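The values are calculated or read from the model by the stated rules, or taken from the named source; none is laboratory data. What you see is a predicted model; the values in this text were computed from it and never measured. Glycine also receives a Cβ, built like all others from the backbone with ideal geometry; neighbour counts cover every protein chain displayed. Only protein heavy atoms, including side chains, enter the accessible area calculation; ligands, DNA and RNA are left aside. Shrake-Rupley method; radii C 1.70, N 1.55, O 1.52, S 1.80 Å.
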Amino acid sequence: DPVTGHRETQAQRHRSIVDQAVLAEHAGFSSVHLGEHHFCDYILSTPPIVLAAIAERTSSIRLSTGVTLGVNLDPVRVAEDYATLDLLSGGRVEPVLGRGSFFPHTFAGFGQDPTVAKAMFAENVEILVRLWSEENVTWEGTHHVPLHNITTQPRPLQWPRPPVWIGAGTSMESIDL
């Protein structure tokens, strides 16, 4: 609270995010976008979990991110987590993938080299789209371990796959992607 200086607990802040999304649906908003942050005071490190809580209390609002950190997270796990959310929400998931370059401490926290983030991001986006669009994916690249005949489970409800957006704000390469 900017007047009193009182700060809500982390539990209260998470509950407030869910409550505000429910109010947004009642007010006619079409989507909610939760940012993913690690190792800082923003506290929202697992958007799919909070979006699942929102899904249980809403029926039509699209469930999105702003952004899912497509460099720092393993694309296989992203495929599984957001496919699960897609099933639980009745097909309302719409992730926005980004590099998260505004917060360099995230790369240090995950032990990753930010100088290769653009290439890692492009690879991870390709892997995610293939994992959602295909079965028995075999893939080999530079930054992710090879995949041999992988079909992620569960499969997303939306066909042929959920929409995947690219969040880009500082890089022409991301905009082009």
Exercise for review: Examine region 132-143 for a residue that is open to solvent by less than 60 Å² (accessible area, probe 1.4 Å) and closer than 17 Å to E36 by Cα, and state whether such a residue exists.
Suggested key: no
Revision key, fill the gap. For region 79-133 the number of residues that are part of a helix (DSSP H, G or I), within 23 Å of S171 (Cα to Cα) and among the aliphatic types (A, V, I, L, M) is 10
Exercise for review: Could you grab me the full set of residues in region 90-110 that are touching a Pro at 6+ places or on another chain (Cβ under 8 Å) and more than 26 Å from S30 (Cβ to Cβ)?
Suggested key: S101, P104, F107
Exercise for review: Mind listing whichever residues of region 53-73 are at pLDDT 95 or above and either outside any strand (DSSP E or B) or not basic (K, R) (or both)?
Suggested key: A53, I54, A55, E56, R57, T58, S59, S60, I61, L63, S64, T65
Point to revise | Selection within region 102-130 - of a type in the set (S, T, Y) and crowded, with 19+ Cβ neighbours inside 10 Å | key: T106
Review point. What are the pairs, 6+ residues apart or on separate chains, where a residue within region 106-130 that is on the phi < 0 side of the Ramachandran plot has its Cβ under 7 Å from a residue that is open to solvent by 20 Å² or more (accessible area, probe 1.4 Å) and part of a helix (DSSP H, G or I)?
Key: F107/P114; K118/E173
Revision key, fill the gap. Filtering region 144-157 down to residues that are free of Cβ contacts under 8 Å to residues at least 60 places away in the same chain and open to solvent by less than 50 Å² (accessible area, probe 1.4 Å) yields T151
Review point. For region 158-172, which residues satisfy the criterion of being hydrophobic (A, V, I, L, M, F, W, C) and open to solvent by less than 50 Å² (accessible area, probe 1.4 Å)?
Key: V164, A168
Study note, to complete from the structure: Going through region 24-45 in order, the residues found to be surrounded by 13 or more Cβ atoms within 10 Å (Cβ to Cβ) and either modelled with pLDDT of 95 or more or in contact with a Leu (Cβ under 9 Å, 6 or more places away or on another chain) (or both) are A24, E25, F29, S31, V32, H33, L34, G35, E36, H37, H38, L44
Practice item. Would you mind stating whether A24 is in a helix (DSSP H, G or I) and within 17 Å of the chain's Cα centre (by Cα)? Key: no
Revision key, fill the gap. Conditions (1) in a strand (DSSP E or B); (2) over 16 Å from T65 (Cβ atoms) -> H33 fails only (2)
Review point. For region 135-177, how many residues meet the condition of being under 21 Å from the mean Cα position of the chain (by Cα), assigned to a loop (DSSP other than H, G, I, E, B) and not hydroxyl-bearing (S, T, Y)?
Key: 19
Review point. Counting just the residues of region 46-80 that are touching a residue at least 60 places away in the same chain (Cβ under 8 Å) and open to solvent by 10 Å² or more (accessible area, probe 1.4 Å), which one comes out nearest to the chain's Cα centre (by Cα)?
Key: V67
